[in-house]
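Below: the structure, in structure tokens.
The values are calculated or read from the model by the stated rules, or taken from the named source; none is laboratory data. Quantities reported herein were computed from a predicted structural model and do not represent experimental measurements. For neighbour counting, all protein chains shown are included, and Cβ atoms are generated from backbone atoms with ideal geometry for every residue, glycine included. The accessibility values were calculated without ligands, DNA or RNA, using every heavy atom of the protein model including side chains. Shrake-Rupley method; radii C 1.70, N 1.55, O 1.52, S 1.80 Å.
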Amino acid sequence: MAIVQVLLIKICGNIFAIPINQIIRTTEVPINELKRSKKKLSVLLDDELIALLSLKKILGIKKDTPRSPYVSIVIIEIKNKKVGLVVDCLYGQQEAFIKPLDQPLKWVRGLSGATIMGDGSVVFVLDTMNLI
């Protein structure tokens, strides 16, 4: 077990956690500021074009969510390149006791552990370095 500072995010009503040490920054941008090139989305932040990936698609969540005029983005770095993960909502930040996953879940790519929220619900902790 480890105590880790995490960012809670929401995707289609499901809450996930990302360790803060894996995050460069978070932001919300108006949907009209997104750029599209060859079916790929990106956003210009601080004079840098950052590719966007849908965390909903990466996790294989098929449920639709209502459209918002803003897009919530978690910026991470993978192989020395910044990438923006699009999420439905930035839900908050907190310290969490992270328990490693046992079999068969420990073989699921992109999950590093789980934590239990104050209401008793289980939240999976994402390992963004191995998710993409």
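Here are some notes:
- In the chain, Cα pairs under 8 Å separated by at least six residues give a relative contact order of 31 percent.
- For the chain, size of Cβ-based charge dipole, Lys and Arg +1, Asp and Glu -1, in debye: 720 debye
- Length-normalised contact order for segment 61-122 - Cα pairs under 8 Å, 6+ apart - percent: 20 percent
- Formal net charge of residues neighbouring Glu77 (Cβ-Cβ distance under 15 Å; K, R +1; D, E -1): +1
- For Asp47, the accessible area of its heavy atoms, probed at 1.4 Å with every protein chain present, is near 150 square angstrom.
- Summarising the label geometry, the points placed 7 Å from Cα in the beta-carbon direction at Thr27 and Leu44 lie 1.1 nm from one another.
- A simple charge model with +1 on the Cβ of Lys and Arg, -1 on the Cβ of Asp and Glu and nothing else charged puts the dipole of segment 67-130 at about 340 debye relative to its Cα centre.
- The GluC sites (Glu not before Pro) of segment 1-62 include none that meets both criteria, a DSSP state outside H, G, I, E and B (loop) and at most 15 other C-beta atoms within 10 angstrom of the site's C-beta.
- Residues in segment 108-132 that a label on Ile3 would reach, taking backbone N under 18 Å of a point 7 Å out along Cα→Cβ: 114-118
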